[in-house]
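First the structure, in the form of structure tokens, and then the observations on it.
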Amino acid sequence: MSAIIKQGNKTVYPILFEVNYGQMKSINCYLYHDGQTLTLIDGGFRTEKFDEYFDLKLAEYGLSIDEIDRILLTHHHEDHTGQVNRIVERRNIPVYAHHLALERLHFDKTYLQKKRDFFMRLYEDYGCTKFASDRLEKMAKTFLESDKYKLNTEIHPLYGGDSICGMKVIEVPGHSPDSIIFYDEETKWQFVGDLVLNPGSTNALIDFDEDLNLLPTVAQYEQSLLKCQALDASLIFPGHQQPFSNHKIVIDEKLNRIATKCERIVEVIKDGHHQALQIAYAMYGPKLQKEFPLVMSEVIGFLAYAESKQKISKTMKDGEWYFERV
């Protein structure tokens, strides 16, 4: 569905770069014309192939980088920001993102150190430090080489309830603390970033608050899905895969999957697996070592979710969290 999408005087030009990576299928960004100006929503990757594809699609649509008036970001992840520096080097245009994204997009040294401190403590508390060495080393390297990754432009902060380009900004944390939807109430278009993928697994990723406490990301994600579902939508424009229209059904499936995963983690604990690594192995087997950051993010997130539902409890034993069914 990479054809031009029009409704009234508004137009979306999809840029869907195909990838062969799990359920992602594509890395998406969208050119949105509101009848007067042209906005890039999300910025894809920064690779030679993506650069070429991005320029090719613009040419196919009869557009160019020089016509883009602004950039909006649904969240800070690297597969949504890759073209930003390339574009602003050529054209001095404003870039907008949620206010919590600013320190992440600028790879602020204080933030990067807090992030590493948080994950070092988290992995220690959950007894999985031995599997985390690669990720912690990558964080240390990112701290030293932060200038390579940061966005070299001012980022204008957005807040829930703001309006921009005739679209409403809606906060939807869970996948990341800074995730937002851009919602066109006239066309009922939702640009949702990575909140809702079809098909796709539940998509909450663990993160931390200002005091370095673990955020309730699965609960946040659940509430964000309900917020998205309550909005009318003629089309959902996701960060990966094809745009789709049956968002209420898709979100019901994801809500059911959250409930199922919660029950699964409770059953695993009931079966005698009481520590995070034991639980992760029981649920995912060898995938734990192959995809450690994602698997442990899911396990830790759902342990916190199940605890918030008073289905399990945790106590600290010998420096590690120990879980029991309530």
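The values are calculated or read from the model by the stated rules, or taken from the named source; none is laboratory data. Being a predicted model, the structure only gives us computed values, none of them experimental. Ideal geometry is used to build each Cβ from the backbone, glycine not excepted, and the neighbour counts take in all protein chains shown. Note: accessible area is taken over every heavy atom of the protein model, side chains too, but ligands, DNA and RNA are not part of it. Shrake-Rupley method; radii C 1.70, N 1.55, O 1.52, S 1.80 Å.
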| Sequence of ARG264, ARG116 when ordered by accessible area, the most exposed leading, probe 1.4 angstrom | ARG264, ARG116
| query | Cα centroid distance between segment 231-248 and segment 78-115, in Å? | reply | 25
| Taking only Cα atoms, what is the 0 to 90° angle, nearest 10, from helix 217-230's long axis to the longest principal axis of the chain? | 40
| request: Express the accessible area of the chain per residue in Å², computed with a 1.4 Å probe while the remaining protein chains stay in the model. | output: 46
| task | Go ahead and estimate [θ] at 222 nm for the chain from helices alone: -39,500 (n - 2.57) per DSSP H run with n ≥ 4, summed, over the residue count, rounded to 500. | result | -11500 deg cm²/dmol
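Stokes-Einstein at 10 °C, 1.306 mPa s, Kirkwood radius from Cα pairs: D for segment 129-205 in µm² s⁻¹?
Numbers: Rh = 15.4 Å.
It comes out at roughly 103 µm²/s.
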| remark: Between the residues ALA132, GLN36, ILE15, the Cα farthest towards the positive end of the dipole of the chain, that dipole coming from +1 and -1 charges on the beta-carbon of Lys, Arg, Asp and Glu, is from ALA132
| Accessible surface of GLU263 - all protein chains present, 1.4 Å probe, nearest 10 Å² | 80
| query | Taking the Cα-to-Cβ direction at LYS317 and at ARG135 and moving 7 Å from each Cα, how far apart do the two end points lie in nm? | reply | 2.4
| task | Mind checking which of LEU225, ALA97, SER163 is farthest towards the positive end of the chain's charge dipole, using Cβ charges of +1 (Lys, Arg) and -1 (Asp, Glu) about the Cα centre? | result | LEU225
| field | With Cα atoms, 0 to 90° folded angle of helix 292-308 axis to the chain main axis | value | 70
| query | So, with a 1.4 angstrom probe, what is the percent of accessible area on segment 61-191 that is carbon and sulfur? | reply | 45
| message | Please list log₁₀ I(q)/I(0) at q = 0.07, 0.09, 0.10 Å⁻¹ for the chain, using the Debye equation with identical point scatterers on the alpha-carbon positions. | response | -0.29, -0.49, -0.60
| request: Using the structure shown, list the pairs from LYS57/LYS114; LYS254/LYS314; LYS25/LYS261; LYS6/LYS138; LYS57/LYS148; LYS138/LYS261 with a Cα-Cα distance above 31 Å, or answer none. | output: LYS57/LYS114; LYS6/LYS138
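Give me the dipole magnitude in Debye, nearest 20, for the chain about the Cα centre, with unit charges on the beta carbon: positive for Lys and Arg, negative for Asp and Glu.
The calculated dipole for the chain is roughly 640 debye.
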